[in-house]
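J.: One structure, pasted below without further comment.
The values are calculated or read from the model by the stated rules, or taken from the named source; none is laboratory data. Treat the numbers as computed from the prediction; the structure is a model and nothing was measured. Cβ atoms come from the backbone with ideal geometry, glycine included; neighbour counts cover every protein chain shown. Please note that ligands, DNA and RNA were not included when accessible areas were found on the heavy atoms of the full protein model with its side chains. Shrake-Rupley method; radii C 1.70, N 1.55, O 1.52, S 1.80 Å.
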Amino acid sequence: MGLLERETFLDSLTSYADEALLGKGRAVLIAGEAGVGKTALVEAFQERLPAARWAWGACDDLSTPRPLAPLRDLARDLDGALLSAVREDQAREQLFDLLLDELRESDLTVLVVEDVHWADEATLDLVRFLARRLHDVRTLLLVTYRDEALGTDPMLRSALGDLGSFRGTRRMALPALSEGGVAELARGSSYAPGELYQLTGGNPYFLSEVLQAHGVQVPPSVRDAVLARADRLEATARRALDVAALLGSRPEPRVLSSVEGIEGSALDACVDAGLLVAQPSGVVFRHDLARLAVAAAVPPAKRVELHRSVLRTLRACDVQDDARLSHHADAAHDGPAVIEHGLAAAKAASAVGSHREAAAQYARVLRYGDQLASRDCAEVCEAMALEYGLLDRFEEAAAGFEQALAIWRELGDDLRTGNALTRLAKPYWRLCRGADQERVCLEAVELLEALPPGPELARAWECQSSWLWGAGRLEEALLLSKKAQDLAREHDLLDVLSDALNTEACLRGFFGEDSIPMLRQSLATALSGGHVGQAGRAHSNLVATFESEWRVEEADEAYREGIAYADSQDLGTFGVCIRGGRSQFLRQQGRNREARELAHEVIDAGLPSPVNSLNPLTAAGVLAARGGDVELAWTALDEALRNAETLQDPNWTRVVLIGRVEAHWLESRSDLAAVDVVRILAGTVGLDSWETGETLAWARRLGVDTSDVEPERTPADPWAHELAGDVRGAAQEWDRLGAHHLASMALAFSDDEQDLRDAMERFRAMEAPAAEARVRQRLREIGADAVPAGPRASTRAHPAGLTRRESEVLEGLIRGLSNAEIAGKLFLSERTVEHHVSNVLAKLQVGTRAEAASEAERRGLLDAVAT
């Protein structure tokens, strides 16, 4: 059967290869449903490009993927130093660099990475690494994946989103065949083209299987089509086919031919039946769907027997892939082998940053926990829980530590019991189980302080200092953090030292000191010891600190660095944490669409633990309120408050309550907003100057009496302006910082008509109709004339909603003019230009003048400016 309706795609690939040959490497993402012909397309392209060097790698459909499996395949094709490094199990960073060096030193190379929908995190990192660096390399990277996997795999979706943002990336989406194409393939068969098209949907693989099942009734699925041919095989050939299916996508010839009962003639029969395809490197299934269908049809008892044969053969062939061996051992119900290879595979996966695979391997081992000694079982539980803790899967983490704790108690090991109690505190906090966190912290310290001081006590002290911080007992927390640091240094515990430095830095921030140097020290300490969890926490708190202090440029840089680190190390906990905090930061800037998209991205991924859900839920709720969606707003805000209250951390409760205050105000329910402000004032301690200012500003706006309130910190400058009655000064300061929503809110509580009109226009630009309506209501309350009902037609006509004057100001920004230069050109005052610049930034939802120019270019607004 020929390759139909793919000529355009082949021409595009040829064009990309020409660009790569000139030193402009390309990464091509080839998407399509299973069976649509992604591999067939690449194979046809290989026939067009025989002079290039080709290397193929594939991701396997194992229950727990092998870390960097495609890199091992590529290394075999490329040979040389890379293959030696892979065999020596060198660090992944060295492997990545060796591969890139190999590509830089050669002529046109085509790398094929198939089926990345089955990839582990380390493999996705490899693809990112290559795609980002191909701009000056004579390499074409072809990546195939099933696009139907995107909806259920946020990790894959995120990776493909990153790849798509790189300059050298190109995308291809292979469609099914048209009805005309199906009719051409069906010519000469017994099937009516229309019936065949309806049955198969134009899927080339389905078509192939149906058409080759000669004389068999049209199968309802590909499974029936494949098995109709498989069932005709002799017993020895069927056994060979079953073994090949269980071995994976690309069974090695030496392994397949060594399995008991497998002969060359049996494999030849499978090739003759069209189920396997002979290649120079061995035999493979015509399509992986066929392999899956055959594997699923193997009867349970026979499946166990075959996996046992495969396991014996892999060991006899000295295969060193523990993840693969663990997979077959589990299917063979071989507990000792699962324990041996599963533990080794878990440690290897964790070492290369594949924490999902590591957790899954530990969980697999624990299914055979009755074959482990009690102490060994407890240690595996703790190792698994630590991996889950990095993934933001704290229900599983808590369950693992609880199981370990029960074992240590039963064994009467007070030291390990105290350590398990300490380990439990973090999952309980993440799950918003504040009372349980307090209980295990106190019990751990009490138990361990009765023993000689050691590493376990250092961890317990650091843990308790974090709990004291959340409870508002800041002085006690600071003292205990220092004690933990001293003991950590004594025992060279860089992970504990990093955490304790982190906690102390945050505490010092509350006391008005600069926390950044100590946070950087915490990060450096974690990195020097290879402690990825502590490094993730340090990155997270660096971002949060810059954002809370409105150091926007530093916050943006820290955000990029933090996300890059969290994603590269598979740190779901901190990736979610940083993104959730970012949604709040964008919300306060007035970048409502970006904030909404990011908040829902985090929530919809189903990842956030209760603590990590607080920021995105609050952001989503407030943004829904700004947009007038009351039901969605309070669904999110009520869930956030429930989580915050069970956490029993007053500062987190304040984060949610302050969001609810705005939402109440937007609905003209100032009485309820005032109740929440009173609750904040009564129940929160340890507020920094920014949080203090925000709380007092809302109290002033809502008429809450604060005469008996003695703030611990002096409000930060923008808030101080508003508290002194200078709303215009507050707005100007917020605009300077990039906080355009907060600037608009300051103006919204002015008694000056022009300030209110400015606020209304700003809210309109931010697409916040509820806030706009609230200000319009205020204008009517003060008796303003001609209160506008909506934007002018000319404004609506502009693609970004800019007025004519704002469009002229944007032209000045694009040309790099200062406010004074724009004012002179347009015969305006600098203050008026400053006002228009703020509106332009808000409408484009950016934070700086340079970003406005870039956004105008990205959205094609230059022509609109010119007109």
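J.: Residues of region 357-391 being among the charged types (D, E, K, R) and either touching a Pro at 6+ places or on another chain (Cβ under 8 Å) or closer than 14 Å to Ala346 by Cα (or both), which ones?
T.: Glu357, Arg364, Glu379, Glu382, Glu387 - these are the residues of region 357-391 that are among the charged types (D, E, K, R) and either touching a Pro at 6+ places or on another chain (Cβ under 8 Å) or closer than 14 Å to Ala346 by Cα (or both).
J.: Here is a list: Arg764, Arg701. Which entry is modelled with pLDDT under 95, open to solvent by 10 Å² or more (accessible area, probe 1.4 Å), assigned to a helix (DSSP H, G or I) and charged (D, E, K, R)?
T.: The conditions single out Arg764.
J.: On to the next question. Which of (1) in contact with a Leu (Cβ under 9 Å, 6 or more places away or on another chain); (2) open to solvent by 30 Å² or more (accessible area, probe 1.4 Å); (3) basic (Lys, Arg); (4) under 23 Å from Glu88 (Cα atoms) does Arg324 not meet, given it meets every other one?
T.: It fails just one condition, (2).
J.: Moving on. Which of the residues that make up region 290-339 are assigned to a helix (DSSP H, G or I), over 26 Å from Arg223 (Cα atoms) and free of Cβ contacts under 8 Å to residues at least 12 places away in the same chain?
T.: Listed by number, the list holds a single entry, Arg315.
J.: For region 57-108, list the helices (runs of 4 or more DSSP H) that sit wholly inside it and hold at least 1 residues that are among the β-branched types (Val, Ile, Thr); which are they?
T.: Correct list: 80-87.
J.: Within region 576-603, take every residue that is of a type in the set (Gly, Ala, Ser) and free of Cβ contacts under 8 Å to residues at least 60 places away in the same chain and give me the one that is nearest to Phe763 (Cα to Cα).
T.: Residue satisfying both the conditions and the ranking: Ala595.
J.: Then there is this: Residue pairs, Cβ under 9 Å, 6 or more apart or interchain, first in region 466-478 and over 21 Å from Leu681 (Cα atoms), second small (Gly, Ala, Ser) and modelled with pLDDT under 90. List them.
T.: Ala477/Gly470; Ala477/Ala471
J.: Just checking: which of the helices (runs of 4 or more DSSP H) contained wholly in region 403-485 hold 1 or more residues that are among the acidic types (Asp, Glu) and under 32 Å from the mean Cα position of the chain (by Cα)?
T.: Fully inside region 403-485 and qualifying: 434-449, 455-470.
J.: Further question: Considering only residues that are open to solvent by 50 Å² or more (accessible area, probe 1.4 Å) and closer than 16 Å to Phe129 by Cβ, look in region 99-116 and name the one that is farthest from the chain's Cα centre (by Cα).
T.: Ranking the candidates gives Arg104 first.
J.: In the set Ser165, Ser158, which member is of a type in the set (S, T, N, Q) and open to solvent by less than 70 Å² (accessible area, probe 1.4 Å)?
T.: Checking each option against the conditions leaves just Ser158.
J.: Out of all the residues in region 117-156, which are more than 17 Å from the chain's Cα centre (by Cα) and not in a helix (DSSP H, G or I)?
T.: Result: Arg133, Val137, Arg138, Thr139, Leu140, Leu141, Leu142, Val143, Thr144, Tyr145, Arg146.
J.: Next up: List pairs: first residue in region 172-199 and under 30 Å from Arg26 (Cβ atoms), second residue at pLDDT below 80 anywhere in the structure, Cβ distance under 7 angstrom, at least six positions apart or on different chains.
T.: Once the first residue is under 30 Å from Arg26 (Cβ atoms) and sits in region 172-199, its partners that are at pLDDT below 80 give Ala176/Gly201.
J.: Sort out which residues of region 665-675 are free of Cβ contacts under 8 Å to residues at least 40 places away in the same chain and surrounded by fewer than 22 Cβ atoms within 10 Å (Cβ to Cβ), and write them in order of number.
T.: Arg669, Ser670, Asp671, Leu672, Ala674, Val675
J.: Still on this structure: Could you check Trp690 against (1) open to solvent by 10 Å² or more (accessible area, probe 1.4 Å); (2) not in a helix (DSSP H, G or I) and say which number it fails?
T.: Of everything listed in (1) open to solvent by 10 Å² or more (accessible area, probe 1.4 Å); (2) not in a helix (DSSP H, G or I), Trp690 misses just condition (2).
J.: Here's a check for you: in region 381-397, which residue that is surrounded by fewer than 24 Cβ atoms within 10 Å (Cβ to Cβ) and of a type in the set (A, V, I, L, M, F, W, C) is nearest to Ile578 (Cα to Cα)?
T.: So the residue we want is Leu391.
J.: Name the pairs: first residue in region 124-136 and touching a residue at least 40 places away in the same chain (Cβ under 8 Å) and of a type in the set (Gly, Ala, Ser), second residue open to solvent by less than 10 Å² (accessible area, probe 1.4 Å) and not in a helix (DSSP H, G or I), Cβ to Cβ under 7 Å, at least 6 apart or on different chains?
T.: Listed by first residue and then by second, the contacts come to Ala131/Ala27; Ala131/Leu141.
J.: Hey, can you tell me all the residues within region 53-88 that are in contact with a strand residue (DSSP E or B) (Cβ under 7 Å, 6 or more places away or on another chain) and open to solvent by 60 Å² or more (accessible area, probe 1.4 Å)?
T.: Arg53, Asp77
J.: Name the residue that is least open to solvent (accessible area, probe 1.4 Å), counting only residues in region 507-528 that are touching a residue at least 60 places away in the same chain (Cβ under 8 Å) and of a type in the set (Gly, Ala, Ser).
T.: Within region 507-528, the match that is least open to solvent (accessible area, probe 1.4 Å) is Gly509.
J.: Here is a follow-up. Please name all residue pairs, on different chains or six or more residues apart, with Cβ atoms under 9 Å, provided the first residue is in region 438-450 and is closer than 18 Å to Glu402 by Cα and open to solvent by 10 Å² or more (accessible area, probe 1.4 Å) and the second residue is modelled with pLDDT under 95 and of a type in the set (A, V, I, L, M).
T.: Glu438/Ala471
J.: Considering only region 16-45, how many residues are more than 26 Å from Asp120 (Cβ to Cβ) and open to solvent by 20 Å² or more (accessible area, probe 1.4 Å)?
T.: 7
J.: Now for a separate question. Test each condition in (1) farther than 27 Å from Arg433 by Cα; (2) out of contact with any Leu (no Cβ under 9 Å at 6 or more places or on another chain) for Leu523 and report the one that comes out false.
T.: (2)
J.: Moving on to the next point. Which residues, counting only those in region 168-178, are open to solvent by 50 Å² or more (accessible area, probe 1.4 Å) and either aliphatic (A, V, I, L, M) or at pLDDT below 90 (or both)?
T.: Of everything in region 168-178, just one residue is open to solvent by 50 Å² or more (accessible area, probe 1.4 Å) and either aliphatic (A, V, I, L, M) or at pLDDT below 90 (or both), namely Ala173.
J.: How about region 252-270: which of its residues are open to solvent by 10 Å² or more (accessible area, probe 1.4 Å) and either assigned to a helix (DSSP H, G or I) or under 24 Å from Pro300 (Cβ atoms) (or both)?
T.: The answer is Pro253, Arg254, Glu260, Gly261, Ile262, Gly264, Ser265, Leu267, Asp268, Ala269.
J.: Taking into account only those residues within region 228-251 that are surrounded by fewer than 19 Cβ atoms within 10 Å (Cβ to Cβ) and among the hydrophobic types (A, V, I, L, M, F, W, C), which is nearest to Ala58 (Cα to Cα)?
T.: Only one residue fits best here, namely Ala228.
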